[in-house]
Amino acid sequence: MSEYAILIYEDPAFYETMPPEGWGAVVEAHNEFTKGVVEHGGSITGGGALKPVTMALTIRGGTVTDGPFVESTESFLGYYTVEARDLDHAIELAKLAPATGGGVELRPLHDPSAGQL
Amino acid sequence: MKYVIMFTTTPELDAAVSPERLEQVYRRTYDWFGTNREVMTESGAQLQPVTTATTVTHGGDAPVVVDGPFSEAKEAIGGFQVIDVPDLDAAIAIVKTWPLLELPGVSVEIRPIIVY
Amino acid sequence: MNETDAAAAESGRTRAAASDRLLARVIREESGRIVAALTGWLGSLDLAEESVADAIEEAVRQWRRSGVPPNPGGWLTQAARNNALDRLRREKRYREKLALLADPTEAATFIGTRELDERLPLLFGCCHPAISPDAQLALTLRAICGLTTAQIARATLAPESTVAQRIVRAKRKIGAAGIPLRIPEGPERAARLDIVLTVVSVMYSEAHLIAGGDAAADRDLADDALWLARVVAHQLPREAEAQGLLSLLLFHRAREGARAVDGELILLADQDRTRWDGRLIAEGQAVLGKAAMLRRPGRWQLHAAIAACHSDTRDGGDTDWLQVLTLYDMLLAYDRSPIVRLNRTVALAEVDGPQAALEEVDALRQALTGYHLWHAVRARMLRHLGRRDEAMAEDLRALELTANDAERRLLEARVAR
């Protein structure tokens, strides 16, 4: 098994304009995903949901500035780390991830114990 | 309070740094994680280079799989770590000591984490 | 130089040329198998592929000098294996791995004893959607067909350094991101097969689009594509679309002799049909018939069926254009790309007249305005409508846009008329 990060990019406007009761559906979608990963033979090793990019600040060369480092329509709003057999399996799991109006990026994790051949 | 600290690098600038210097900075970064052990949560990931990234986006009928990162920006996320500190100033103070910030094109973004 | 020397030099050249041809065949037949077997043995496509590429270069040097050895495939396998071990020895940190691999009995069980053709899983891995389309083609040409980076660069009109970088990146990604080298099962299979077939078809069409080359240049790449289409169709006899692509390439290949005469391109309608290869046409029809029996229609079979319509005719005048147009309409359900819609307008003009076809061509203006054939087709419609000055302007625009010498001369001849 290898570990992969699923980086979730979404349009923040979706959340900004969502009525408060909408959060129930979002939480439900993530619960579905968590169950789905196990049903598809993977496992979740970590994850986090990030507050909106308006809450972000960036440090570069000792200077602190307001706002996210990369400005774009879709922003990085959350991630999971999962264990999967190979990239095809990781893609199968990533397709289950909720990413309203955006997409997900899959990156293998660096495993310091394994030599690269 | 929990924050995610997100390391962003610029791959084209990374290439200009000598392997010796990189190795030295990486060793100090490794130590840095040790020094700040008490604020690190179990959640975090060090990502392989952006050249290994694959993106899955919603297509017409079925999700579309393509080579490359989601964002077309020059900068790429290199990894992230969730820290648990009293406030934002504490987070900034720790991040400022992060050794990789000495390298050109490296930035850290700090964002609070949503707690349900 | 005296006569004896001249004869010796001539005989040396003949031997070199003969071994080049034999070597090209051996490389194509063997390199994919050796890369696949070595990858299984070493657990690294990157290392396996580099070792085989080096072995091919050694073979070219040595075989030209001293002739092709009796068992060229075995020679290449042994050389590639030695290269892999040398590369491992140079890397100190792989010492443990080397100790595991250097056992010759183990190597023997990995190479040369497998019954299954391992090239197919390797090919499906090279055509993974997580690898960019440019790199899928480059990596397939190198790992499966055994082309050198320089040959790929010439064939794909890309700088050699770009091709080299694409290949290295793709190989490393296969290793680092964990791309499995296997033929996917279930719902992914059809989508992946379509990428494989697309790569093979691009390989075939690239052979005709060498900038500055003439129409007869780089026949080898077309030959490689036809060969690879045969390998895929033969290994996957139940996949109708694999048969469809093979059939399509057979029809194209059959017309090759008439398409390019003395480096000049000749349009389908003007081709001398006695120059078509009847044997290849018969094979194309047989393969298409076999595909139809599988009852799984798809875009490659429809492309082949359209090509079959043209091959059925004795001259351009008795083409069944209604049938061609019907097939294009069916094809649109699978592939609505502007190129397919443009090709359809040629049949549309024959059935519904040039005015209807011109309207459809104009609807594609935005998508294809930088594509020389869009201007060439538009010129043809305008000429049929008697709008000669506009037709001339479009032909000139097509001329400006085409990078291929033979196509340019074809258009020049039309403008001069």
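The values are calculated or read from the model by the stated rules, or taken from the named source; none is laboratory data. This structure is a prediction, so every number in the text was calculated from the model and none was measured. In this analysis, Cβ positions are derived from the backbone assuming ideal geometry, glycine residues included, and neighbour counts consider all displayed protein chains.
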Report summary line: Taking the range C:11-60 and the residues there that are modelled with pLDDT of 80 or more and of a type in the set (Asp, Glu), the one that is farthest from C:Ile179 (Cα to Cα) would be C:Glu58
Query - Leading residue by the ranking (nearest to the other protein chains (Cβ to nearest Cβ)) among those in the range B:56-69 that are among the β-branched types (Val, Ile, Thr) and in contact with a Ser or Thr (Cβ under 9 Å, 6 or more places away or on another chain) - result: B:Val65
Report summary line: By residue number, the members of the range B:91-116 that are under 14 Å from the mean Cα position of the chain (by Cα) and small (Gly, Ala, Ser) are B:Gly105, B:Ser107
Query raised in the report: Somewhere in the range B:70-77, is a residue hydroxyl-bearing (Ser, Thr, Tyr) and at the interface with chain A (Cβ under 7 Å from one of its Cβ atoms)?
Result: yes
Query raised in the report: Which of the residues belonging to the range C:163-184 are under 29 Å from B:Pro11 (Cα atoms) and within 11 Å of chain A (Cβ to nearest Cβ)?
Result: C:Arg172, C:Lys173, C:Ile174, C:Gly175, C:Ala176, C:Ala177, C:Gly178, C:Ile179, C:Pro180, C:Leu181
Query raised in the report: Which numbered condition trips up C:Pro187, out of (1) surrounded by 24 or more Cβ atoms within 10 Å (Cβ to Cβ); (2) farther than 17 Å from A:Leu106 by Cβ; (3) facing chain B (nearest Cβ under 10 Å)?
Result: (1)
Report summary line: Here the residues within the range B:92-116 that are in contact with a Ser or Thr (Cβ under 6 Å, 6 or more places away or on another chain) and not in a loop (DSSP other than H, G, I, E, B) are B:Pro99, B:Leu100, B:Ser107, B:Glu109
Report summary line: Per the list (1) over 18 Å from the mean Cα position of the chain (by Cα); (2) more than 9 Å from every other protein chain (Cβ to nearest Cβ); (3) surrounded by 13 or more Cβ atoms within 10 Å (Cβ to Cβ), residue check on B:Ala16 breaks on (3)
Query raised in the report: So is C:Tyr334 in a loop (DSSP other than H, G, I, E, B) and either charged (D, E, K, R) or surrounded by 14 or more Cβ atoms within 10 Å (Cβ to Cβ) (or both) or not?
Result: yes
Query - Criterion (at the interface with another protein chain (Cβ under 7 Å from one of its Cβ atoms) and at pLDDT below 75) met by exactly one of A:Val53, A:Val70, A:Val104 - result: A:Val70
Query raised in the report: Do we have C:His208 as at pLDDT 80 or above, surrounded by fewer than 24 Cβ atoms within 10 Å (Cβ to Cβ), over 26 Å from B:Gly59 (Cα atoms) and out of contact with any Phe, Trp or Tyr (no Cβ under 8 Å at 6 or more places or on another chain) here?
Result: no
Query raised in the report: Out of all the residues in the range B:88-99, is one or more free of Cβ contacts under 8 Å to residues at least 12 places away in the same chain, within 8 Å of chain A (Cβ to nearest Cβ) and among the basic types (Lys, Arg)?
Result: yes
Requested in this report: From C:Ala367, C:Ala379, grab the single residue that is under 18 Å from C:Thr345 (Cβ atoms), hydrophobic (A, V, I, L, M, F, W, C), touching a helix residue (DSSP H, G or I) at 6+ places or on another chain (Cβ under 6 Å) and crowded, with 18+ Cβ neighbours inside 10 Å.
Outcome: C:Ala379
Report summary line: B:Thr55 fails exactly one of (1) more than 17 Å from the chain's Cα centre (by Cα); (2) farther than 18 Å from C:Arg172 by Cβ, namely (2)
**Report entry** Count - residues of the range C:149-166 that are under 17 Å from the mean Cα position of the chain (by Cα) and either modelled with pLDDT of 85 or more or part of a helix (DSSP H, G or I) (or both)
**Finding:** 9
Query raised in the report: For the range C:374-393, which residues satisfy the criterion of being of a type in the set (Lys, Arg) and closer than 17 Å to C:Leu410 by Cβ?
Result: C:Arg378, C:Arg380, C:Arg383
Report summary line: Of the residues in the range C:278-306 that are in contact (Cβ under 8 Å) with a residue 60 or more places away in the chain and of a type in the set (A, V, I, L, M, F, W, C), the one that is nearest to C:Leu197 (Cα to Cα) is C:Trp300
Report task. Look at A:Arg85 and say whether it is of a type in the set (Lys, Arg), at pLDDT 75 or above and crowded, with 16+ Cβ neighbours inside 10 Å. Result -> no
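To keep it simple, each residue is scored yes or no on (1) in contact with a strand residue (DSSP E or B) (Cβ under 9 Å, 6 or more places away or on another chain); (2) surrounded by fewer than 18 Cβ atoms within 10 Å (Cβ to Cβ); (3) farther than 21 Å from A:Thr81 by Cα.
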| position | (1), (2), (3) |
| --- | --- |
| B:Phe7 | yes, no, no |
| B:Leu22 | no, yes, yes |
| B:Gly34 | no, yes, yes |
| B:Gln48 | yes, no, no |
| B:Val56 | yes, no, no |
| B:Val64 | yes, yes, no |
| B:Ile94 | yes, no, yes |
| B:Thr97 | no, yes, yes |
| B:Ile113 | yes, no, no |
Requested in this report: Would you please list the contacts, defined by Cβ atoms under 8 Å and residues six or more apart or on different chains, that run from a residue in the range A:37-48 that is at pLDDT 90 or above to a residue that is among the small types (Gly, Ala, Ser) and part of a strand (DSSP E or B)?
Outcome: A:Val37/A:Ser43; A:Gly42/A:Ala84
Report summary line: In the range C:361-416, anything more than 26 Å from the chain's Cα centre (by Cα) and within 18 Å of C:Arg259 (Cβ to Cβ) is listed as C:Arg380, C:Glu412, C:Ala413, C:Arg414
Report task. Would you tally the residues in the range A:6-30 being in contact (Cβ under 8 Å) with a residue 24 or more places away in the chain and more than 11 Å from A:Thr100 (Cβ to Cβ)? Result -> 4
Requested in this report: Those residues that are out of contact with any strand residue (DSSP E or B) (no Cβ under 8 Å at 6 or more places or on another chain), at pLDDT below 90 and either among the basic types (Lys, Arg) or within 19 Å of C:Ala308 (Cβ to Cβ) (or both), I need them from the range C:232-274; list them, please.
Outcome: C:Arg255, C:Glu256, C:Gly257, C:Ala258, C:Leu267, C:Leu268, C:Ala269, C:Gln271, C:Arg273, C:Thr274
Query raised in the report: Are any residues in the range A:27-50 out of contact with any Lys or Arg (no Cβ under 7 Å at 6 or more places or on another chain) and within 10 Å of another protein chain (Cβ to nearest Cβ), and if so, which ones?
Result: A:Val27, A:His30, A:Thr45, A:Gly46, A:Gly47, A:Gly48, A:Ala49
